[in-house]
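Below is one structure, written out as structure tokens, with a few remarks after it.
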Amino acid sequence: MKSLLACTALALCTGAVQAGELTVYTAIEAEDLERYAAAFNKDYPDIKINWVRDSTGVVTAKLLAEKDNPQADVVWGLAATSLLILKTEGMLEPYATAGLDQIKPAFKDSDNPPAWVGMDAWSAAICFNTVEAEKKGLTLPTSWADLAKPEYKGSIIMPNPASSGTGYLDVSSWLQIFGEEEGWKFMDGLHENIAAYTHSGSKPCKMAAAGEAPIGISFEFRAAKSKKDGAPLEIVFPTEGLGWDMEASGIVAGTDNAEDAQKLIDWSISKAAMEQYNVGYAVLAMDGVAKEVEFLPADLESKLIKNDFEWAANNRARILEEWTKRYDSKSEPKS
């Protein structure tokens with residue numbers, strides 16, 4: 001089996017990290033890491049980042065497995081629901097970074113000093129391939145409930161919530177939107193229409209964009225990028241509201257490179273960093289910076305549900321156990 005986590009080509013993984021180097025665990029899209037690192041190094045040229053990147057569920061599981069022998073210095077760009085789990089386990093070092101007063105209250109840990117701070121938000125979206133849908137006679141869905149209709153049987157791809165942060169925000173938000181009993185009933189109906197569950201939040205939209213499936217449940221950044229690249233997509237923001245999570249960061253407790261780790265957290269909530277996130281993400285942790293992202297609605301933030309992150313984090317294990325028992329038979333093999 002291939003290693004579940006791999007260091008990117010931006011830096012080599014060479015065991016112990018020296019001063020001036022940081023091992024950073026992340027779930028940020030690989031294509032963005034080089035751009036983010038270059039922007040960070042404009043302000044901190046003497047700090048080299050060794051990225052260790054995988055999907056949210058894999059990164060979270062690895063961090064928890066390493067609890068007694070941490071290998072990372074910083075967790076950067078991981079779902080806030082995962083950061084809350086790490087905080088509960090005592091695995092994050094509280095740090096009051098400069099500029100916290102510029103960050104929206106919902107985007108930072110309520111403790112003082114906070115254990116984590118948010119960067120941007122990503123939300124659920126449906127990628128609907130108009131060409132493939134026309135071939136199958138599919139109508140454009142407008143709600144989550146629509147996706148359980150028999151006409152979509154075998155036409156939908158979505159992420160597995162155990163391995164994908166996007167998949168988990170979908171499932172946890174449906175349970176909040178519909179209530180637990182009705183939420184599981186909705187997912188039972190949706191499951192009848194699922195062709196496969198992927199281990200990546202972006203893959204369902206990539207598959208829809210490539211014509212490999214008519215419908216991909218994914219997230220708004222990937223949908224807008226695929227549409228900008230020319231894919232025949234309609235981006236649907238369901239009427240019941242959008243599940244969402246935020247990319248957030250924190251310092252791993254016990255790091256030997258606390259000073260450099262603090263510099264990365266400082267930069268992560270700077271205006272320069274927010275401008276980098278805004279290339280793809282319409283909702284930022286800092287007010288007054290975001291510019292409209294092409295193909296995304298200007299009022300996207302108003303479409304986000306009132307997400308109970310504490311509930312989603314505290315019930316994650318229970319929800320994933322139930323989801324796996326019911327639906328994992330359609331998950332793609334893990335590579």
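The values are calculated or read from the model by the stated rules, or taken from the named source; none is laboratory data. Nothing here was measured: the structure is a model prediction, and the numbers come from that model. Cβ coordinates were reconstructed from backbone atoms using ideal geometry, including for glycine residues, and neighbour counts include every protein chain displayed. Side chains are part of the model used for accessible areas, which takes the heavy atoms of the whole protein and leaves out ligands, DNA and RNA. Shrake-Rupley method; radii C 1.70, N 1.55, O 1.52, S 1.80 Å.
General observations
- Every residue from region 204-247 that is assigned to a strand (DSSP E or B), over 27 Å from residue 118 (Cα atoms) and either open to solvent by less than 20 Å² (accessible area, probe 1.4 Å) or in contact with a Pro (Cβ under 6 Å, 6 or more places away or on another chain) (or both): 215, 233
- Of the helices (runs of 4 or more DSSP H) contained entirely in region 53-145, those carrying at least 1 residues that are acidic (Asp, Glu) and surrounded by fewer than 20 Cβ atoms within 10 Å (Cβ to Cβ) fall at 130-136.
- Taking the numbered list (1) touching a Leu at 6+ places or on another chain (Cβ under 7 Å); (2) more than 21 Å from residue 282 (Cβ to Cβ) in turn, residue 108 passes all entries but (2).
- Restricting region 20-46 to residues that are among the aromatic types (Phe, Trp, Tyr) and within 22 Å of the chain's Cα centre (by Cα), the residue that is nearest to residue 80 (Cα to Cα) is 25.
- Boolean, residue 285 is closer than 24 Å to residue 302 by Cβ and buried (at least 22 other Cβ atoms within 10 Å of the Cβ): yes
- Residue match in region 261-282 (condition: of a type in the set (Asp, Glu), more than 26 Å from residue 86 (Cα to Cα), in contact (Cβ under 8 Å) with a residue 40 or more places away in the chain and surrounded by fewer than 21 Cβ atoms within 10 Å (Cβ to Cβ)): no
- Residue selected from region 148-161 under the condition crowded, with 23+ Cβ neighbours inside 10 Å and of a type in the set (A, V, I, L, M, F, W, C), by the criterion nearest to the chain's Cα centre (by Cα): 158
- Total residues in region 74-93, condition in contact with a helix residue (DSSP H, G or I) (Cβ under 9 Å, 6 or more places away or on another chain) and either farther than 11 Å from residue 26 by Cα or without any contact (Cβ under 8 Å) to a residue 60 or more places away in the chain (or both): 13
- Being within 30 Å of residue 116 (Cα to Cα) and more than 21 Å from the chain's Cα centre (by Cα) is a property that holds for residue 260.
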